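Since the structure comes first, as structure tokens, the remarks are kept for the end.
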Amino acid sequence: MFRVIRGVAILRNVDINGASAIVTGGASGIGAASARQLAAKGAKVVVADLNAEKGEELAKEIGGAFVSVDVTQTDQIEAAVNKAAELGPLRVLVNSAGIGWAQRTIGRDGEFASAHNLDAYKKVIAINLIGTFDAIRLAATAMSRNEPLDAHGERGAIVNMASVAAFDGQIGQASYSSSKGGVVGMTLPVARDLAAVGIRVNTVAPGLIDTPIYGEGEAAEAFKAKLGESVLFPHRLGVADELASMVVELATNSYMNAEVVRVDGGIRMPPK
């Protein structure tokens, strides 16, 4: 994994060719783009998602495998980890599964019943935060059994997906920002935990990304263009491949560890 030039060790990026990878939420959006780019590096990718139609189609396209996974169900995450181990040593986990929710903390009428839906808050936390940690602890356990890739003991890498909402949460984003802030907050302590077995942990915090959530057609394009004006530079929404390239960089750059990287065009979100 490294070569020597005039007595200086030059580290190469981690070779994931022939290894396996898991991408939760891998059937669409940033997850699908990450799965494609990891496969292009030679990894056998397990697409872990609830959308069987899109997941199976993508898995076939990239020569990987699909496993139906609800990240709130530990046994389903275990199934994805076991499937990855069948394809090759598990070297990469990308946590891209997540949901959003928008609601103010209290209502306008002063009634308890109109306050933020607590079950919705718990669901967002369960998927975005607890599901991420559950996937980490299970995948990392499997990675810890790997033979080291190099003299430094590299066994695997984990890349989590947070959001700029972890830092710049807007009105109505209490649940979403809480969940993504938790992902940011766990990055360093989990990286410290897993350093003992040679597993690196990093997190990506996307900004405004062009996804199907905005719809299609002239009105949708106008709306996205308006949103893009708030981005520092370039004045546009990001695209999934731009996020995926950072995912691959964090997974394969052997000196990237315990870091949270904003990929957002320099945007700082206003209150609303």
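What's the whole-number percent of alpha carbon pairs in the chain lying beyond 34 angstrom?
Within the chain, distances greater than 34 Å cover 20 percent of Cα pairs.
Counting only residues 5 or more places away or on other chains, whose amide H sits under 5 Å from the amide H of residue 104 once H atoms are built in the peptide plane?
Those lying under 5 Å, H to H, from residue 104: there are none.
Under 5 Å between amide hydrogens, which residues at least 5 positions from residue 154 or on another chain qualify, with H placed 1.01 Å from N in the peptide plane?
149
Among 178, 116, 191, which residue has its Cα positioned farthest towards the positive end of the charge dipole of region 9-263, with +1 placed on the Cβ of Lys and Arg, -1 on the Cβ of Asp and Glu, and the dipole taken about the Cα centre?
191
Once the other residues with Cβ under 15 Å from the Cβ of residue 236 are scored (Lys, Arg +1; Asp, Glu -1), what is the net sum?
Surrounding charge for residue 236 is -4.
What does the extension gain come out to for residue 82 and residue 112, with contour length at 0.36 nm per residue minus their alpha carbon separation?
This chain segment gains 6.3 nm when fully extended.
Taking only C-alpha pairs under 8 Å that are 6+ residues apart, what is the relative contact order of the chain in percent?
Taking the mean separation of contacting Cα pairs over the length of the chain, I get 19 percent.
Place a +1 charge on the Cβ of each Lys and Arg in region 137-227 and a -1 charge on the Cβ of each Asp and Glu, then give the dipole magnitude about the Cα centre in debye, rounded to the nearest 20.
Around 380 debye, computed over region 137-227.
Each label point is 7 Å from the Cα along the Cα-to-Cβ direction; what then is the distance between the points at residue 137 and residue 235, in nm?
Taking the simple label geometry, residue 137 and residue 235 are separated by 4.8 nm.
Which angle from 0 to 90°, rounded to the nearest 10, does the C-alpha axis of helix 174-194 make with the longest principal axis of the chain?
20 degrees
Starting at the first residue of region 154-160, write each ³J(HN,Hα) from the Karplus equation 6.51 cos²θ - 1.76 cosθ + 1.60 with θ = phi - 60°, in whole Hz, x for Gly and Pro.
Rounded to whole hertz, the list is 4, 10, x, 9, 10, 10, 9.
Residues in region 167-190 near a label at residue 214, defined as backbone nitrogen under 19 Å from the 7 Å Cα→Cβ point?
Those under the cut-off are 170.
Going through the cross-link list 122/180; 180/272; 41/122, which pairs have a Cα-Cα distance over 25 Å in this structure?
Beyond 25 Å between Cα atoms: 41/122.
Summing Lys, Arg as +1 and Asp, Glu as -1, what charge do residues with Cβ under 15 Å from the Cβ of residue 178 carry, residue 178 excluded?
Summing Lys/Arg as +1 and Asp/Glu as -1 gives +2.
For the chain, give me the percentage of DSSP beta bridges that are antiparallel, rounded to the nearest 5 percent.
10 percent
Tell me the net charge near residue 157. Cut-off is 10 Å between Cβ atoms, residue 157 excluded, with +1 for each Lys or Arg and -1 for each Asp or Glu.
Around residue 157, the charge tally is +2.
Computed from the coordinates by the stated procedures, all read-outs in this text should not be read as laboratory data. No experiment lies behind these values; they were computed from the predicted model shown. Counting neighbours? That spans all protein chains shown, and the Cβs are built from the backbone with ideal geometry, glycine included.
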